[in-house]
Structure formats: C-alpha cells, structure tokens
Amino acid sequence: APATTSAPSTAPATTAPEPQPVDADTAAAIADVLAASPEGCDPLDPRHCYLPYPSNHFTVADAASATSLRVRFPAAGAPVNTAGVPIDMSEINRNDGFSPNSTLMTYLEGADWEATVLPPWTDLGSSLADDATVVLIDAATGDRVPLWAERDSNAPDPADQSLIVHPAVALTEGATYVVGIRGVIGADGQPLDPNPVFRSYRDRLVTDIAAVEDRRPAMDAALAALDAAGIARDDLQLAWDFSI
C-alpha cells in the first residue's frame, strides 16, 4: 500500500466565511437533531450515539495522558450484543486515543451509494485525487492518507447502509486526523444536504446553543486543516477529527 503523501492539491484554499447568526429554519433543524441525540452523543450523526467513529467528540482533556486526551464514550449510548446487553465501555474509556488501525464509520441519511463514486480498494491512488469523495489528512502536516471506502453491505436495505472507510496504512500514534466527506449524491440525484449541525460549523452560522458552540473551536480547527490541505470547506458534507 502506498504511504501517506504530502503532494499538494491543485484546489485553491478558501477563506472561512464571516460568522453570522443562524437562520430560523436551520436553527429549527438543529433543534430537531439535538432532540434525537441523547446527551453525550454526537449530533453530527444522530443515527447512532457513537457515530461518526472514531471522533474526538468522545474524548475529554487529561493532562496525565500522552495525548492530553482520554476517551470518554457515554454509557447510555453503548452498542448492545445479541442478547441485548450493553457493552461495558470502562476499559475502552481508559485509552488516550483511538487505534492506529481504526476503521472509520458514519451514516449519511439519504445517501445514494450506487450513484456516489467512492475510492475503491483496487485503486488507492484515487483517494489522493483532488476530487476524492472521502479524504483523510494529518491535521498537523496536511499529509493525505490513502484509503478505500465502501457502503456497509451487511445492511441489506440501502437506506440503512453506513459508510465504512479503511485507511490503507497504520495511522501515526499521537497524531490527530481530520476526515472530510464530499460529493455524496442523494436520492434525488443531487448533492446530499449536510446535517444542519455540521452546516452550522461549515458555514459559520452562530447559534445560542451551548452544545453546538462549545465544539465550534475544535470544528473550526478541523475545517481549517482541511482547507489548508486544499479541501474546500464549501464542498464538505461532513467532517470531524480524531486522535490516535
């Protein structure tokens, strides 16, 4: 598999828009998403509490750890086994980040994966192209990580299929990475509308909701890292960061 690359994108960097108050329709849509996301869950993907995965949303500051972070998954959102028993997250929450061999996962409601071009495992180089639909960068260096992406074929109903992203190399311990997703087509054949919570970050629509605004500095940094790597924020339908 090819190593990470720092080859620059030809896409020009963009200037972040000036902050502006969120409009009423977006504010209402954000409220609906937050209502569907129990406390501690990630409203960027309300389909499941722990999505997108992995994500620094599920970490807290910890000066005693090597990364200055500690994983903190909420117990209320834990997946259940076949017997319906929730997984005990105690040991996972001892970690100071996520595995270097993490598989990434998220769900984009309304996505048409048949119509969306994803970088395949037979062409890892396509994930490094300027127009790749899924990108993964080192937040500090801007280096692109080769990957392949696929829909979850274990979910027979296309409406239930998550996006699964496989980095083609082990990620660097101590590094923070940013995922960017764009070019996803919806059921109407048009580019999929982003989650309203993500759109408030991408378009700098300021709310009066603490759960949204407390995360804004981290999301601004993630979007700035993508922008510096030539990934235009205007095109993004979802982005998030995670640390190894």
Subject >> Pairs with Cβ under 7 Å, 6+ apart, first in region 32-47 and open to solvent by 50 Å² or more (accessible area, probe 1.4 Å), second among the small types (Gly, Ala, Ser) and outside any loop (DSSP other than H, G, I, E, B) >> reply: 38/76; 38/77
**OP:** Would you check which residues across region 191-219 are small (Gly, Ala, Ser) and touching a residue at least 40 places away in the same chain (Cβ under 8 Å) and list them?
**Re:** 200, 211, 218
**OP:** Just name the residue that is most open to solvent (accessible area, probe 1.4 Å) out of those in region 183-224 that are closer than 15 Å to residue 52 by Cα and touching a Pro at 6+ places or on another chain (Cβ under 8 Å).
**Re:** 195
Original post:
Which of the following residues is small (Gly, Ala, Ser), over 18 Å from the mean Cα position of the chain (by Cα) and over 28 Å from residue 228 (Cα atoms): 64, 16?
Top reply: 64
**OP:** Could you please let me know if residue 85 is exposed (fewer than 15 other Cβ atoms within 10 Å of the Cβ) and either modelled with pLDDT of 95 or more or within 18 Å of the chain's Cα centre (by Cα) (or both)?
**Re:** no
Original post:
Just for region 48-81: of the residues that are in contact with a Ser or Thr (Cβ under 6 Å, 6 or more places away or on another chain), in contact (Cβ under 8 Å) with a residue 40 or more places away in the chain and of a type outside the set (S, T, N, Q), which one is most open to solvent (accessible area, probe 1.4 Å)?
Top reply: 69
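The values are calculated or read from the model by the stated rules, or taken from the named source; none is laboratory data. Computed from a predicted model, the values in this text were never measured in an experiment. Neighbour counts are summed over all protein chains in view; Cβ atoms, including those assigned to glycine, are modelled from backbone coordinates with ideal geometry. Accessible surface is based on the protein model in full, side chains and every heavy atom, while ligands, DNA and RNA are left aside. Shrake-Rupley method; radii C 1.70, N 1.55, O 1.52, S 1.80 Å.
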